[in-house]
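Below is one structure, written out as structure tokens; comments come after it.
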Amino acid sequence: MFEKLDFTNKVHEIVRNIPKGNVLTYKQVAAKAGSPKACRAIGSVLNKNYNLEIPCHRVIRSDNSLGGYNRGSENKRRLLEQEGYEFKD
DNA sequence: CATTTGACGCCAA
DNA sequence: TTTGGCGCCAAAT
């Protein structure tokens, strides 16, 4: 189903399919997109993606760190907390 | 077309 | 455990 989509397009679909209260790491998204080593490319794609319909704030680093956000990292953290995801260890 | 940049990840010191 | 450096991929210059 995703095989015919391009890498960037796959990433958009994958991120869009992340359920509330759940988060994925860049590595996980990259793996689902078909390129486990494209973790950097994921950030590049999401960084340029301005579609609010895509919960790009649910994508975090493999270290359980926030990572970044094109709308403000602080807002990203707030969104995750609001959805029920708690970071801290 | 060649090089650099960037919301990353992993390994070695 | 923390830091530095290298690798990987896509988009921008």
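Throughout, read-outs are computed from the coordinates displayed, never taken from laboratory work. On a predicted model such as this, the values are computed, not experimentally measured, just so you know. All Cβ positions, even for glycine, are placed from backbone atoms using ideal geometry, and neighbour counts span all protein chains on display.
Select, from A:N47, A:N22, the only residue that is within 16 Å of DNA strand C (Cβ to nearest atom) and under 13 Å from the mean Cα position of the chain (by Cα).
Values: A:N22 fails: within 16 Å of DNA strand C (Cβ to nearest atom).
Of A:N47, A:N22, the one residue that is within 16 Å of DNA strand C (Cβ to nearest atom) and under 13 Å from the mean Cα position of the chain (by Cα) is A:N47.
Mind telling me which of the residues A:K37, A:K27, A:K32 ends up being part of a helix (DSSP H, G or I) and within 11 Å of DNA strand C (Cβ to nearest atom)? Reasoning before the result, please.
Values: A:K37 fails: part of a helix (DSSP H, G or I); A:K32 fails: within 11 Å of DNA strand C (Cβ to nearest atom).
The conditions single out A:K27.
Name the residue, out of A:H57, A:H12, that is more than 9 Å from DNA strand B (Cβ to nearest atom), within 21 Å of A:N75 (Cβ to Cβ) and either in a helix (DSSP H, G or I) or touching a helix residue (DSSP H, G or I) at 6+ places or on another chain (Cβ under 8 Å) (or both).
Unique residue meeting the criteria: A:H12.
State all residues of the stretch A:65-89 that are loosely packed, with under 12 Cβ neighbours inside 10 Å and assigned to a loop (DSSP other than H, G, I, E, B); if no residue qualifies, say none.
The answer is A:S65, A:G72, A:G84, A:E86, A:K88, A:D89.
Among residues belonging to the stretch A:50-89 that are among the acidic types (D, E) and within 16 Å of DNA strand C (Cβ to nearest atom), point out the one that is nearest to A:D6 (Cα to Cα).
Restricting attention to the stretch A:50-89, the residues satisfying the condition of being among the acidic types (D, E) are A:53, A:63, A:74, A:81, A:83, A:86, A:89.
Those left that are additionally within 16 Å of DNA strand C (Cβ to nearest atom): A:63, A:89.
Values: A:D63: 27, A:D89: 36 Å.
Only one residue fits best here, namely A:D63.
Got a sec? Which of A:N51, A:N47, A:N22, A:N70 is more than 7 Å from DNA strand B (Cβ to nearest atom), free of Cβ contacts under 8 Å to residues at least 40 places away in the same chain and not small (G, A, S)? First the steps, then the outcome.
Numbers: A:N47 fails: more than 7 Å from DNA strand B (Cβ to nearest atom); A:N22 fails: free of Cβ contacts under 8 Å to residues at least 40 places away in the same chain; A:N70 fails: more than 7 Å from DNA strand B (Cβ to nearest atom).
Testing whether each residue is more than 7 Å from DNA strand B (Cβ to nearest atom), free of Cβ contacts under 8 Å to residues at least 40 places away in the same chain and not small (G, A, S) leaves just A:N51.
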